[in-house]
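Inspection log for the structure reproduced underneath, given as structure tokens.
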Amino acid sequence: MEKLRRVLSGQDDEEQGLTAQVLDASTLSFNTRLKWFAICFVSGIFFSILGTGLLWLPGGIKLFAVFYTFGNIAALASTCFLMGPVKQLKKMFETTRLLATVVMLLCFVLTLCAALWWHKKGLAVLFCILQFLSMTWYSLSYIPYARDAVIKCCSSLLS
């Protein structure tokens, strides 16, 4: 359990100097960070499901886009409580996640633009689907060999 705490709090990097460790350290306790992670993640899932339910109401495409995007942002932001916002941003823009991060953030913006300003329902739904796919691809980058397994699985299904 102690090893998990060190890894999640970013204290596992032995190469980091004392100054870098102090700057990256969070003032929140481990239990507080876990609680806020869970609250933020669960609320993100709740808002995404709520947005999906609102899609079926008349004129619900705007509410769908806003709630679904907000839910995804909340779920993504929840990991900031585990590793800290600076470390989260550094990991998001590493070369292995850069493309997924850029596509994901772009889809957040384009979903809201399509629903709120352009009034294009089809585009809003398309961008929400792309949000889901890019969030999935981004999340898989944290699991060793998960992306390779998905690629092999899809390629075997297509051949």
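The values are calculated or read from the model by the stated rules, or taken from the named source; none is laboratory data. These numbers come from a predicted model, not from an experiment. Because the Cβ atoms are built from the backbone with ideal geometry, glycine has one as well, and the counts that use them run over all protein chains shown. When the accessible area is computed, the model is the full protein with side chains, heavy atoms only, and any ligands, DNA or RNA have been set aside. Shrake-Rupley method; radii C 1.70, N 1.55, O 1.52, S 1.80 Å.
Collect the residues in the range 53-70 that are open to solvent by less than 40 Å² (accessible area, probe 1.4 Å) and part of a helix (DSSP H, G or I), keeping them in residue-number order.
Leu54, Ile61, Phe64, Ala65, Tyr68, Thr69
Return the total of residues in the range 120-145 being part of a loop (DSSP other than H, G, I, E, B) and under 13 Å from Leu98 (Cα atoms).
Total satisfying the criteria: 2.
Within the range 81-96, is even one residue under 13 Å from Gln131 (Cβ atoms) and among the polar types (S, T, N, Q)?
no
Any residue at all in the range 29-42 that is farther than 30 Å from Tyr145 by Cβ, touching a Gly at 6+ places or on another chain (Cβ under 8 Å) and at pLDDT below 90?
No, there is no match, as no residue in the range 29-42 is farther than 30 Å from Tyr145 by Cβ, touching a Gly at 6+ places or on another chain (Cβ under 8 Å) and at pLDDT below 90.
Show the residue pairs meeting these rules: Cβ distance below 8 Å; 6+ apart or different chains; first residue within the range 95-112 and at pLDDT below 95; second residue outside any helix (DSSP H, G or I) and of a type in the set (Gly, Ala, Ser).
Partner pairs satisfying both residue conditions: Thr96/Ser141; Arg97/Ser141; Ala100/Ser141.
Looking at (1) touching a Ser or Thr at 6+ places or on another chain (Cβ under 8 Å); (2) buried (at least 20 other Cβ atoms within 10 Å of the Cβ); (3) not aromatic (Phe, Trp, Tyr), which is the one condition that is false for Thr79?
Answer for Thr79: the failing condition is (1).
Identify, by number, the condition in (1) closer than 29 Å to Phe30 by Cα; (2) free of Cβ contacts under 8 Å to residues at least 24 places away in the same chain; (3) within 16 Å of the chain's Cα centre (by Cα) that Pro144 doesn't meet.
Every listed condition holds for Pro144 apart from (3).
Report yes if some residue within the range 83-97 is touching a Leu at 6+ places or on another chain (Cβ under 6 Å), part of a helix (DSSP H, G or I) and open to solvent by less than 60 Å² (accessible area, probe 1.4 Å); otherwise report no.
Let us first name the residues in the range 83-97 that are touching a Leu at 6+ places or on another chain (Cβ under 6 Å), namely none.
No, the range 83-97 contains no residue that is touching a Leu at 6+ places or on another chain (Cβ under 6 Å), part of a helix (DSSP H, G or I) and open to solvent by less than 60 Å² (accessible area, probe 1.4 Å).
Out of all the residues in the range 122-136, which are closer than 28 Å to Leu89 by Cβ and buried (at least 16 other Cβ atoms within 10 Å of the Cβ)?
Ala124, Phe127, Cys128, Leu130, Gln131, Ser134, Met135
Residue-wise test of (1) of a type in the set (Ser, Thr, Tyr); (2) surrounded by fewer than 16 Cβ atoms within 10 Å (Cβ to Cβ); (3) over 29 Å from Arg33 (Cβ atoms).
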| site | (1), (2), (3) |
| --- | --- |
| Asn72 | no, no, no |
| Leu110 | no, no, yes |
| Lys120 | no, yes, yes |
| Tyr138 | yes, no, no |
